[in-house]
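These notes concern the structure reproduced below.
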Amino acid sequence: MAVIPKLKLSGMEKAMPVIGMGTASFPMADLETTKAAVLEAIKAGYRHFDTAFAYGSETALGQAVVEALRLGLIESRSDLFITTKLWASFTDPSQIVPACKMSLQNLKVEYVDMYLIHWPVRLTEMVRKTPVPVEIVKPLDIKGAWKGMEECVNLGLTKGIGVSNFSIKTLDQLLSTAKIPPTLNQVEMNPYWQQKKLREFCKERGVHVTAYSPLGANNTKWGDDRILGNEVLADIAKARGKTTAQVALRWVYEQGVSIASKSFNKERMAQNLQIFDWCLSDQDLQKISQLPQAKGVTLASILGPHPLVLEIDADL
Ligand SMILES: NC(=O)c1ccc[n+]([C@@H]2O[C@H](COP(=O)([O-])OP(=O)(O)OC[C@H]3O[C@@H](n4cnc5c(N)ncnc54)[C@H](OP(=O)(O)O)[C@@H]3O)[C@@H](O)[C@H]2O)c1
């Protein structure tokens, strides 16, 4: 079984495995498929799982954890680092603690290790379908929402709190009001969207960065093959006897960033863990640093091209 390095995060007792298994699938996998993939991932050595209310994968992950305990694959719930996220429909300050409790109920756990604000936006209604009507898209009350997040920590519902898809501007606003600073910011990051400025800002302010869609989210509605089909990365992979996916993941890891990557395939999920006993050369890093930059994941592709949504995308 693969051994995954762990990271000590500010303000947190439990260290976080640097690579977590993502559970957002497209089209959304059914409960049994997701549950089987999580069990397979635990067997392969994954101990960090990334879910969200919006992915519809919390229940499957929770059932897989129960099953993993029953099978003796893990000794206790505390062997796992579980991250989930507050959906934009629940970001009114009064809704945050109940939303966190709902996620815990779905996950069948008493606490999560990390609770993140999924997107810096508020939807005034619960949505079952996207895109959403423009009139329900409102700015996030950052101060109020963060108080709700801090309350989740104070109530023991989560060990740590953080954000996702927060730009420098939004993070700066949050840092000026937070009593408990955000532990991490989970954002899109891969060789094609390297996030240099945001990473520098986060480093200065003690906020860890986690990369999502490190493989470009190939074969999903929100991604494409610009990483896995890239010739520069493929050439580096060939020269090192690795796969293009491993080169992309290793590159993220070498930037001091943790990873949320998704594979529900037994071979590929195992392959994605084989990135810790080799390194990229200076020449490889130089080539990757010269790749053209383009953001892949946009909120507009999910919620619709509304003015506020486009503003959030432009800042990220
Ligand atoms: N905070 C946010 O707003 C946000 C947004 C997007 C994603 N996320 C999180 O980040 C996780 C990962 O991001 P992602 O799912 O968007 O994209 P990703 O991990 O970059 O890519 C996933 C895709 O790559 C394929 N894949 C995985 N390993 C591979 C390999 N070794 N070789 C070839 N193909 C491979 C997967 O297919 P198979 O499953 O068939 O292997 C899947 O189609 C998500 O699941 C979610 O938990 C968060």
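Each value in this text was obtained by applying a stated rule to the coordinates, not by laboratory testing. In this text the structure is predicted, and so the values were computed from the model without any measurement. Positions of Cβ are backbone-derived with ideal geometry, glycine not excepted, and every protein chain shown enters the neighbour counts.
By how many nm would the segment from Glu150 to Gln105 lengthen if fully extended, with 0.36 nm per residue of separation less the alpha-carbon distance?
Length gained between Glu150 and Gln105: 14.3 nm.
For q = 0.12, 0.19, 0.20, 0.25 Å⁻¹, what log10 I(q)/I(0) does region 44-142 give under the Debye formula with an equal point scatterer on each alpha carbon and no solvent?
Debye intensities relative to I(0), on a log10 scale: -0.43, -0.89, -0.95, -1.32.
State which stretch of the chain is the longest one without any exposed trypsin sites (Lys or Arg not before Pro), exposure meaning a DSSP loop state and at most 16 other Cβ atoms within 10 Å.
By the stated rule (loop sites, at most 16 other Cβ atoms within 10 Å), 15-107.
Calculate, in nm to one decimal, what Gln283 and Lys138 gain on full extension: separation in residues at 0.36 nm each, minus their alpha carbon distance.
47.6 nm
Nearest 500 deg cm²/dmol is fine: what mean residue ellipticity at 222 nm does the chain get from its DSSP H runs of n ≥ 4 alone, each adding -39,500 (n - 2.57), divided by its residue count?
So the helix-based figure for the chain works out to -11000 deg cm²/dmol.
Among Leu233, Gly62, Gln195, which residue has its Cα positioned farthest towards the positive end of the charge dipole of region 14-315, with +1 placed on the Cβ of Lys and Arg, -1 on the Cβ of Asp and Glu, and the dipole taken about the Cα centre?
Among Leu233, Gly62, Gln195, the one farthest towards the positive end of the dipole of region 14-315 is Gly62.
Report, in listed order, any pair from Lys197/Lys266; Lys6/Lys196; Lys108/Lys262; Lys108/Lys203; Lys85/Lys287; Lys197/Lys287 with a Cα-Cα distance greater than 30 Å.
Lys197/Lys266; Lys108/Lys203; Lys85/Lys287
When every alpha-carbon pair in the chain is counted, what percent end up more than 31 Å apart?
So the pairs more than 31 Å apart make up 26 percent of the total in the chain.
Can you compute the modelled spin-label distance between Asp235 and Lys179, with each label point 7 Å from Cα toward Cβ, in nm?
For Asp235 paired with Lys179, the spin-label model returns 5.5 nm.
Amide H to amide H, which residues 5 or more places from Met21 or on other chains are under 5 Å from it, using H placed in the peptide plane?
Amide H neighbours of Met21, under 5 Å, 5+ apart: His48, Phe49, Asp50.
At 7 Å along the Cα-to-beta-carbon direction for both Ser94 and Lys6, put a label point, then send me their distance in nm to one decimal.
Output for this residue pair reads 4.1 nm.
5 Å is the cut-off here: which amide hydrogens, built 1.01 Å from N in the peptide plane, fall below it relative to Lys159, excluding neighbours closer than 5 in sequence?
Result for Lys159 returns Val112, Asp113, Met114.
If you place +1 on the Cβ of every Lys and Arg and -1 on the Cβ of every Asp and Glu, how big does the dipole about the Cα centre of the chain come out, in debye to the nearest 20?
It works out to roughly 240 debye.
Can you give the Rg/Rh ratio of region 240-287, where Rg is from the C-alpha atoms and Rh is the Kirkwood radius?
0.96
Under the Karplus relation 6.51 cos²θ - 1.76 cosθ + 1.60, θ = phi - 60°, what is the ordered set of whole-Hz ³J(HN,Hα) values for region 202-218, x standing for Gly and Pro?
Using θ = phi - 60°, the values come out as 4, 4, 4, 9, x, 9, 6, 10, 10, 8, 9, 6, x, 9, x, 6, 4 Hz.
Given 10 Å bins starting at zero, what is the percent of C-alpha pairs of region 204-284 in each, up to the one with the largest pair distance?
17, 51, 27, 5
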